[in-house]
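Nothing in this text is a laboratory measurement; each read-out follows from the coordinates by a stated rule. Please read these numbers as outputs of a predicted model, since none were measured by experiment. Glycine gets a Cβ as well: all are built from the backbone with ideal geometry, and neighbour counts include every protein chain shown.
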């Protein structure tokens, strides 16, 4: 007699292995397992949702956005799916769809804190200040630890924060940035975020921009620092650290590695 595992047991075992990979934070294995499973069972919303979450952890936000797009098509009355869609659209600088997703989530669940937060972040960038503050406050009220209110940075606060960050850089990194034109702006232009592939997050602390019509590998000639994004860090020390790390990371693309 030939013994074999029935299909339902196979599905349970495969989902169990997928859960175990997620618990180990082995997101690459989980993504591979989920994709293989969905090739055979494309209508399994639970596994598709797990795949979307793992793709976010792996920073493959374009693919995560498409997974959430499928989920909201499959189950449009599930607020959590619309929240995920809004989050991934926002991180891909797809602000129109992010706002639509956040508002759809809030239609289904007024207590969806992340949807309020994403809506507030988008409205900040459209200069709808009162509506943005209201959404951010609602997110903070629902989840104070997860969604702290942005800092109120004065002009002097911003100037001191930037000066402190630059003074903390290594001499060669300071020298790299010294001749660049620097602009302090609240938020980046969406067009500048959508140019690279994958798109850049609207939360970036800075952008280093080359002259228009220059080759793709041209070094930057100007630096934009976004104090609106820096204000969303928990405190000034965290904002300073984020700015230092971004300045160092961006300069590393152009500076020669130290000789051994």
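If you line up the long axis of helix 27-40 against the longest principal axis of the chain, both from Cα atoms, how many degrees apart are they, to the nearest 10?
That helix lies at roughly 40 degrees to the long axis.
Whole percent per 10 Å bin, from 0 to the bin with the longest distance: what is P(r) over all C-alpha pairs of the chain?
7, 24, 29, 23, 12, 4, 1, 0, 0
Can you give the FRET efficiency for residue 75 and residue 235, using 1/(1 + (r/R0)^6), R0 = 30 Å, r = Cβ-Cβ distance, to the nearest 0.05?
Plugging the Cβ-Cβ distance into 1/(1 + (r/R0)^6) gives 0.15.
Using a 10 Å cut-off on Cβ atoms, rank the peptides 195-206, 96-107, 180-191 from the highest mean neighbour count down.
96-107, 195-206, 180-191
Quote the convex hull volume per residue of the range 155-252, based on C-alpha atoms, as a whole number of Å³.
101 Å³
Rounded to the nearest 10 degrees, what's the angle between the helix 236-252 long axis and the longest principal axis of the chain, both from Cα atoms, 0 to 90?
Its long axis makes an angle of about 90 degrees.
So, R0 is 45 Å and r is the distance between the beta-carbons of residue 159 and residue 57; what FRET efficiency does that work out to, to 0.05?
Computed FRET efficiency for residue 159 and residue 57 comes out at 0.80.
Relative contact order of the range 8-142, please, whole-number percent, based on alpha carbon pairs below 8 angstrom and at least 6 residues apart.
14 percent
Need the C-alpha centroid separation for the range 26-68 versus the range 88-147, integer Å.
Each part reduced to its Cα centre gives a spacing of 24 Å.
Kindly state, to the nearest 0.05, the FRET efficiency for residue 184 paired with residue 43, given R0 = 45 Å and r defined as their beta-carbon distance.
In this case the efficiency is close to 0.35.
What is the packing order of peptides 69-82, 148-161, 222-235, taking the mean over residues of other C-beta atoms within 10 Å and listing the highest first?
Descending packing order for the listed peptides: 222-235, 69-82, 148-161.
Mind sorting 65, 14 by how few other Cβ atoms lie within 10 Å of their own Cβ, fewest first?
Ordered by Cβ neighbours within 10 Å, fewest first: 14, 65.
Compute the length gained on full extension between residue 210 and residue 174: take 0.36 nm times their separation in residues and subtract their Cα-Cα distance, giving the result in nm to one decimal.
Difference between extended and current length: 11.2 nm.
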